[in-house]
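Have a look at the structure below before the remarks.
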Amino acid sequence: MSLKSGIGVGVALLAAAVIVAFGLLAYGGFVRQQEASTRRLLADDLARVAALLENPVLGASLATGSAPGFVVQLVDADGQMVLAWGSDAPLPLVAPAAQVLVAGRPHLVGSAPWRDAGATIRIAHDLEAALATRRELARSLVLGGALTFVLAILVATVAVGRALSPLDRVAAAARTVDPATPAPIRYDGGLTEIRSLTDALNHSLAAIGQRTRAERAFLLEVAHELAGPLTLVRFHLIEAGDRHPDDPQLRAAAVAAHELLRTSQDLLVLARGELERPVETHVVELRALLDQAAGEYPGVAVLASSAGEVIGDRDRLMQVVRNLVRNGVQAAGRPEGVRLELAADGDVQVVRVVDDGPGLAADAPATVFERGVRGGSGSGVGLAIARQLVEQHGGSIAARSGAGGGAVFEVRLPSLAARLEAPDAGS
């Protein structure tokens, strides 16, 4: 459940509890006041009728000043009705006053002694009108409570939405933070809690940025320390290989030194933050990149039906091809086990690097481009860099097992024509 939903439910429950409590208190207070008023009127009528019977007044009426539905009866000591006013239905002897049914209708009935011989005065007030008023009040309270509840929910929804909108903006800003170069999140609102949260996030982002810069500095130092000796080792191995061309151990050592040197160059790319820099676009022929990569690994075959023109950064696209070819050679164990293919698929230029190595594990296509995951026998850096560079060029990269074994790495890039026809091609 979201914070908005949780607050909304809480407000709804609170509003319902307040409305129900108010309705019960209002209805209960009205009923108590109505009953007290009716009992006072009944007591006054009993006293008035008793006084009138004790001291008759010419022209006086027993019903004067009483409520509608007034009934008065005089009953002697033997229970015989001596006088009936308002209704002939006998009234029960009730003391103190109580609500009873008289002729099927609710009445408040009370009695008082009359004379000294056990006779009584019995008076009843019809309560039908009073009960109807209660029902009308109950309906009004229910309707008013429902409308108030709906209005409270609407007001609360708007208020909660406005109150939490700064939090949504902070969350949206946090989602756009680049982990490689984390920038602080701005918050200009006045809510103390959200400002505190933003300050905590900015503190964490600053720590992440400091840690990232420290790691890059260390990685840059390590890469430089590796590059110098590896370059020298590779140079001497190549010279030794030229003097002893039939020595397979020298050839293998030269290849290994070459691969280590490429890995150190990948580390330099990461350390310098080159992947975060904008792409410098030019017209690039993918066929030329494939030929150059194949020339670095004699024995790699190239199958291309066109030049494969795209818009991009030649050096970065060359690094993509080189990393994929190196991964394929490492997987196949020899350059002759790798084939480069270039073909057009509508508005997309497709580069495939196919090897006849052991293939990919079942879960490899989903994870092989993650940093630290080894696609073949490499360091787990080259494929992650390749994916990021391809995505910078608006393309995509995927891996799968080949139909006859081995692995296939496929890069799809928008063609030159497609980029020129795009609405933002000139931007």
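Looking only at residues in the stretch 309-326 that are assigned to a helix (DSSP H, G or I) and β-branched (Val, Ile, Thr), which one is surrounded by the fewest Cβ atoms within 10 Å (Cβ to Cβ)? Working first, answer last.
Residues of the stretch 309-326 assigned to a helix (DSSP H, G or I): 314-326.
Adding the requirement that they be β-branched (Val, Ile, Thr) leaves 320-321, 325.
Numbers: Val320: 31, Val321: 22, Val325: 25.
It comes out as Val321.
I need the full set of residues from the stretch 398-424 which are modelled with pLDDT of 85 or more, basic (Lys, Arg) and buried (at least 16 other Cβ atoms within 10 Å of the Cβ), in order please.
Residue satisfying the conditions is Arg412 alone.
Restricting attention to the stretch 289-304, report how many residues are closer than 12 Å to Val351 by Cβ and without any contact (Cβ under 8 Å) to a residue 40 or more places away in the chain.
3
Checking the conditions here, which among Leu141, Leu131, Leu137, Leu108 is under 19 Å from Gln33 (Cβ atoms), modelled with pLDDT of 90 or more and touching a Ser or Thr at 6+ places or on another chain (Cβ under 8 Å)?
Leu108
Could you please tell me which pairs satisfy a Cβ distance under 6 Å, a separation of 6+ or placement on different chains, a first residue in the stretch 335-364 that is among the β-branched types (Val, Ile, Thr), and a second residue that is in a strand (DSSP E or B) and surrounded by fewer than 18 Cβ atoms within 10 Å (Cβ to Cβ)?
Qualifying pairs under 6 Å: Val348/Arg412; Val350/Ala343; Val350/Arg412.
If you take the residues of the stretch 129-181 that are without any contact (Cβ under 8 Å) to a residue 60 or more places away in the chain and not in a helix (DSSP H, G or I), which of them is nearest to Ala26 (Cα to Cα)?
Thr176
Determine whether the stretch 191-204 contains at least one residue that is touching a Pro at 6+ places or on another chain (Cβ under 8 Å), farther than 27 Å from Gly8 by Cα, assigned to a helix (DSSP H, G or I) and modelled with pLDDT under 90.
yes
Take the conditions closer than 19 Å to Phe369 by Cβ, at pLDDT 90 or above and among the β-branched types (Val, Ile, Thr) and apply them to Val321. Does it pass?
Judged against the criteria, Val321 is a match.
Pick from the stretch 372-397 the residues that are at pLDDT below 90 and of a type in the set (S, T, N, Q): which of them is farthest from Met318 (Cα to Cα)?
Ser377
The values are calculated or read from the model by the stated rules, or taken from the named source; none is laboratory data. Just so you know, these numbers come straight off a predicted model, no measurement behind them. Glycine also receives a Cβ, built like all others from the backbone with ideal geometry; neighbour counts cover every protein chain displayed.
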